[in-house]
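For reference, the structure discussed in these notes is given below.
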Amino acid sequence: MPGHVVVAPDKFKGSLGAAGVAQAVADGLRAAVPGLDAREHPVADGGDGTVEAALSAGFARKEVPCTGPTGDTVTASLAVREQTAVVELAEASGLRRLPGGRLAPMTATSRGTGELIRAALDLGCRQVVLGIGGSACTDGGAGMVQALGGRLLDAAGTELPAGGAALADLDRLDLDGFDPRVAGTEFVVASDVDNPLLGPRGAAAVYGPQKGASAAEVALLDAALARWAAVAGAATGVDATEVPGGGAAGGVGFAAVVFLGAELHSGIDYLLDLLEVRSALPGARLVVTGEGSLDEQTLHGKAPAGVAAAARAAGVPTVAVAGRNTLPAEALESAGIAKAYALSDLEDDPERSMREPVPLLRRLAGRIAADWLEGGS
């Protein structure tokens, strides 16, 4: 049968990982069209699931004990292939790592993310792709810098405690012990956020409330981050306060630019190449992408929109699977998605859909096959 099918969904959050979604859809397509070449390429946009997507693309898992957002030790994974590592901030410093789910906007740290980077350097990696969605912290990446050997000192020369609030007391930065291997390593930040570090669109104002910060705490964090930016700029000569994406992950984007020399990229656009999705498109007859909820956010840099854009550039039609779809046909079409197939079309109970998505995804794949694949090329 001419032409393969590329199955490149993101995760169904809270229900099924991207690899599981891809397998269920591909199995359903193969069952409907015997002999079909369905190629599974689960994707991510830099947030939760980025490491898992890299593992599906042939990277190897490395597990590392590191510091969680509130100081507890957690076991986090990174993905390694040759001299490239994929580090996912959410693995070490994410909201899902908060003990009991209790938010800690003022004290949560990105230290564990720095420890994952250090582990990648220890493994001999010289390219680090840092996915920075889903963070629990608003510390401007200060914890990450501390994990790599930087010292944040108050006026008395005492090391600052963890968290964004403490940055208000920052007096100076000692980088004498900063890991020298960083300078010889290429860092790429994969993120779908373009917010700057400070101000009304900054890390504290936009994302602080999602991490539990009150209005007063948002103001304190923004002022503390401004202090951090001033001291960091004085110590490094790099001013990244206005860099789009610097506010990502509570300011980890800012620290990555200033201290790691990182380049900031659209998460999905960069990962399409790293995960070998773009290279799978030539000769394809159809692409199936998707995520748990197709909605307005999908259109703004999320994985399905990125997959569909790449497929459209390659001249391949795209359809999407989802738990639910709230986008009208014209919005889908403008994003390059010809049609959406939702679990809610088959199952009225959303809890059952989330609990048992695999058989429903296989049934949706049967519908996709009937609409797009059967009876010819």
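One-quarter of the Cα convex hull surface for the chain, in nm²?
18.4
Nearest 20 debye, what's the magnitude of the dipole of the chain about its Cα centre given +1 on Lys and Arg Cβ and -1 on Asp and Glu Cβ? Mind dumping the intermediate values first?
Numbers: 30 positive and 46 negative charges, 122 e Å.
In debye, rounded to 20, the chain gives about 580.
Along the charge dipole of the range 84-223, Cβ charges K/R +1 and D/E -1, which of Leu152, Ala162, Ala213 sits furthest on the positive end?
Ala213
Can you give the Rg/Rh ratio of the range 310-377, where Rg is from the C-alpha atoms and Rh is the Kirkwood radius?
1.01
If I build a Gaussian network model for the chain, linking alpha-carbon pairs within less than 10 angstrom, which residue out of Leu364, Leu271, Leu36 has the largest mean-square fluctuation?
Answer for the Gaussian network model of the chain: Leu36.
Quick check: at a probe of 1.4 Å, how many percent of the accessible area of the range 22-154 sits on carbon and sulfur atoms?
With neighbouring chains kept in place, the figure for the range 22-154 is 44 percent.
With no solvent and one point on each alpha carbon, what is the Debye value of log10 I(q)/I(0) for the range 47-99 at q = 0.28, 0.29 Å⁻¹?
The computed values of log10 I(q)/I(0) come out as -1.04, -1.08.
Per residue, how large is the accessible surface of the chain? Use a 1.4 angstrom probe and give square angstrom.
Accessible area per residue: 39 Å².
Using a 7 Å offset from the Cα along the Cα-to-Cβ direction at both Asp349 and Arg172, what is the distance between the two label points in nm, to one decimal?
Going from the Asp349 label point to the Arg172 one covers 6.5 nm.
Please report the antiparallel percentage of the DSSP beta bridges confined to the chain, to the nearest 5.
Antiparallel bridges: around 35 percent, rounded to the nearest 5.
Do the sum for the chain: with -39,500 (n - 2.57) for every DSSP H run of n ≥ 4, divided by all residues, what is the mean residue ellipticity at 222 nm, to the nearest 500 deg cm²/dmol? Provide the component values of the computation, followed by the final result.
Values: 12 runs with 123 residues, N = 377.
For the chain, the value works out to -9500 deg cm²/dmol.
Glu374 to Arg151: FRET efficiency via 1/(1 + (r/R0)^6), r the Cβ-Cβ distance, R0 56 Å, to the nearest 0.05?
Calculated value: 0.30.
Once you sort the root eigenvalues of the Cα gyration tensor of the range 212-341 as a ≥ b ≥ c, which label holds: rounded (a/c under 1.5), prolate (a/b larger than b/c) or oblate (the other case)?
oblate
Which distance in nm do the two modelled labels at Glu333 and Glu63 give, with both placed 7 Å along the Cα-to-Cβ direction?
5.0
Report the charge-dipole magnitude of the range 264-306 in Debye, nearest 20, computed about the Cα centre from +1 at each Lys and Arg Cβ and -1 at each Asp and Glu Cβ. Working shown, then result.
Working: 3 positive and 6 negative charges, 36 e Å.
Magnitude of the dipole: close to 180 debye.
Need the list of lysines near Lys302 for cross-linking: C-alpha distance under 22 angstrom, and skip anything on the same chain fewer than eight residues off.
Correct list for Lys302: Lys11, Lys13, Lys211, Lys339.
Roughly how far apart, in whole Å, are the Cα centres of the range 244-319 and the range 170-190?
27
If you take the charge dipole of the chain about its Cα centre, with +1 on Lys and Arg Cβ and -1 on Asp and Glu Cβ, which of Val5, Leu121, His41 is farthest toward its positive end?
Of the options given, the answer is Val5.
Taking a ≥ b ≥ c as the square roots of the Cα gyration tensor eigenvalues, with a/c under 1.5 meaning rounded and otherwise prolate when a/b beats b/c, else oblate, which class fits the range 17-88? Each step should come with its number before you reach the end.
Working: a/c = 3.57, a/b = 2.31, b/c = 1.54.
It comes out prolate by the Cα gyration axes.
Say we join alpha carbon atoms closer than 10 Å with springs in a Gaussian network model of the chain; which of Gly71, Gly35, Gly250 then has the biggest fluctuation?
Of the options given, Gly35 has the highest mean-square fluctuation.
The values are calculated or read from the model by the stated rules, or taken from the named source; none is laboratory data. No experiment lies behind these values; they were computed from the predicted model shown. Ideal geometry is used to build each Cβ from the backbone, glycine not excepted, and the neighbour counts take in all protein chains shown. Side chains included, ligands, DNA and RNA excluded: accessible areas come from the protein's heavy atoms. Shrake-Rupley method; radii C 1.70, N 1.55, O 1.52, S 1.80 Å.
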